[in-house]
Amino acid sequence: MLGFIIKRSLLLIPVFFAASIVAFLLIHLVPGDPVDSLLTVGSPPEQRQILTERYGLDKPLVVQYGIWIWGVLQGDLGTAIIMRRPVADLLADALPHSIALGASAFIFYTIVGVTLGVTAALFRDRWPDRAIMTGVLFGSTLPSFWLGLLLMLVFSVWLGWLPVSGARGVSSLVLPVLTIGLGGTALVARITRVAMVETQRKDFVMLLHAKGMHPMRIQLLRVLHHALIPVVTILALRIGFVLGGAITVEVVFARPGIGTLLIRGIMQHDYPVVQACLLMLSTAVILGTFLGDVLQALMDPRARASLT
């Protein structure tokens, strides 16, 4: 198992650098640059040239990337050009809000999704199964920004139960968590149901029934254990949401998280901010994938043998 972890860890290095290249180039493909936001109307061309040289934007992209990634490896994410603050400080301010939202949504759709998936599998082809799968299908098709606005209208504007926006207290988390969680719940419930139905057809399940083990004990202890392997993998892939939350949801509910910071950086063409946000989100996804592989290998020796 140690050899498997070491091999997987070494594979993270090229993936990280590939993600950093993509994060660096994406914002440079957008028309415009941060100098446009710094210049006032009627500024002379010499002023543009001065600012361009000051922030190193006159250098080739390869050189700019080399300077940036070398700073990242040393723990220096640079300074925001427009906001004129260290990017690390901006991320430190936004990160707790994104973690609170993402972690809460993650816990919500994990518990609710697995519960609904198990219930649907236990009542397969009966009305509870059809009702759950219909609701899951409906929930997965709703755009998150539209659902967020709808929940805001009902629970904030009409009923006045919850705050419309912001990040003050636990109550401000309820609507964003529901907005993100319903989509995640649909995915987890579908995968849990499919995995349990497939596991129920295995020979070892028939053998356990033949030995006289209680059917509910078989389902909840043996079948669910095997069915959780793909569920754990999918959940690990969604760890990126713990940091990024859902960008559109953070914007809709005006939460000061990583997603809102990213959108603000894109609008201002603030290269260091956008690059750092994208790199952080992609790193979270990479680490989530790695964690999913490790957990899958721990839960299933056959998977460990096929992945080595």
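How charged is the neighbourhood of LEU175? Take every other residue with its Cβ under 14 Å from the Cβ of LEU175, and add Lys/Arg as +1 and Asp/Glu as -1. Taking every Cβ under 14 Å from that of LEU175, the sum is +1. Under a 5 Å amide H cut-off, with hydrogens placed 1.01 Å from N, THR79 pairs with VAL87 among residues at least 5 apart or on other chains. Computed about its Cα centre, the charge dipole of the chain is approximately 1300 debye, with only Lys, Arg, Asp and Glu carrying charge at their Cβ. The separation of the range 1-73 from the range 160-188, counted between C-alpha centres, amounts to 34 Å. Where only DSSP H runs of four or more residues are counted, the chain gives -23500 deg cm²/dmol as its mean residue ellipticity at 222 nm, each run worth -39500 (n - 2.57). Apply the a/c threshold of 1.5 to the C-alpha gyration tensor of the range 86-214 and tell me whether it is rounded, prolate or oblate. Judged from the Cα gyration tensor, the range 86-214 comes out prolate (a/c at least 1.5, a/b above b/c).
Based on the Cα coordinates of the chain, what is the per residue volume of their convex hull in Å³? If you can, show how the numbers build up before the last one.
Values: hull volume 50.9 nm³, N = 308.
Considering the Cα atoms of the chain, their hull volume per residue is 165 Å³.
Of the trypsin sites (Lys or Arg not before Pro) found in the range 74-150, those in coil by DSSP whose Cβ has at most 12 other Cβ atoms within 10 Å are ARG84, ARG126. Applying a DSSP loop filter and a limit of 14 other Cβ atoms within 10 Å to the trypsin sites (Lys or Arg not before Pro) in the range 193-296 leaves ARG201, LYS202, LYS211.
Determine, for each peptide in 226-237, 175-186, the mean count of other beta carbons within 10 angstrom over its residues, then list the peptides with the highest first.
Ranked from most to least packed, the peptides come out as 175-186, 226-237.
Pairs of Cα atoms in the range 1-129 fall into 10 Å distance bins, from 0 up to the last occupied one, in shares of 9, 22, 25, 19, 13, 8, 3, 0 percent.
Since every read-out is calculated from the coordinates, none of them should be taken as a lab result. These numbers were taken from a predicted model, which means no experiment stands behind them. Note: ideal-geometry Cβ built from the backbone for every residue, glycine included; neighbour counts use all protein chains shown.
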